Structure formats: C-alpha cells, structure tokens
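Undergrad: Handing you a structure now.
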Amino acid sequence: MGELATALRYHQSELEIAEELELLNLQARACGNLGMVHESLGNFDEAVRYQEQHLSVASQTNDKQGKTLAFSSLGKQYLFLVKSDFLPSCISSSPLLMYTVAHREHYSRFD
C-alpha cells in the first residue's frame with residue numbers, strides 16, 4: 001500500500017501543477033491517473049469522482065482518446081459499484097469513440 005500512497009501524492013501534485021498552469025490536457029491525464037490509483041485502493045467513489053473530472057476536461061478539449069479512456073474507466077468503476085443503470089452508456093460510447101479515433105488516425109496518413 002505504500003507505493004499506492006506515493007503514487008497518489010505524485011498524481012495529486014501533477015494535478016495541482018497542471019491546474020496552476022491551466023494545461024487542460026495534463027489535468028485530464030492527472031485526473032485519470034488519480035482515478036486509477038483510487039481504484040487500486042478500493043476507493044471506488046473517489047475513482048468515479050476523478051474519472052468524471054477526467055471526462056469533463058477531455059470533453060472540453062474534444063480529446064476523443066481521453067474521453068474513451070474516461071468512459072472505459074467509469075464503466076469499470078460503476079460495475080464495481082453495481083450502478084448498472086449508467087454502465088450501458090459507458091460501454092456503448094467507448095467503442096464508438098475508439099472507432100472514430102482509429103478512423104481519423106488511419107485516414108490522416110493520406111493527407
């Protein structure tokens with residue numbers, strides 16, 4: 001558990017600095033990382049809170065990969081919390097976003 005506490009401190013510092021510098025992409029990443037650490041600690045409510053923040057920031061910047069990761073993580077967290085009413089929208093949104101991102105990257109090679 002000591003390593004997880006250390007990871008939590010580092011990712012919290014990452015978030016604070018990203019917020020101070022107003023770097024939204026780094027804020028999203030830090031929130032996702034904090035969510036993963038809280039998941040590992042079994043703090044599923046905190047994990048959801050950070051993944052929802054990750055999704056919000058990724059949506060602000062139209063980061064489809066970030067949104068996909070956040071939806072995937074939220075789906076997993078709600079599965080742990082047995083909140084099945086939200087799970088179908090997370091699962092159905094993530095593959096669509098992944099297809100969109102993969103499609104864009106594939107065709108951008110021909111520009």
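No lab work stands behind these numbers, since they all come straight from the coordinates. All values reported here derive from a predicted model rather than from experimental measurement. Glycine gets a Cβ as well: all are built from the backbone with ideal geometry, and neighbour counts include every protein chain shown.
Undergrad: Going by how many other Cβ atoms sit within 10 Å of their own, how do His38, His54 line up, fewest first?
TA: The most exposed by this proxy come first: His38, His54.
Undergrad: Okay, next question. Relative contact order of the stretch 1-58: what whole-number percent is it, with Cα pairs under 8 angstrom and at least 6 residues apart?
TA: Numbers: 60 pairs, mean separation 20.0, N = 58.
Result for the stretch 1-58 is 34 percent.
Undergrad: Under the Karplus relation 6.51 cos²θ - 1.76 cosθ + 1.60, θ = phi - 60°, what is the ordered set of whole-Hz ³J(HN,Hα) values for the stretch 57-70, x standing for Gly and Pro?
TA: 5, 4, 5, 4, 9, 6, 7, 5, 5, x, 5, 4, 4, 5
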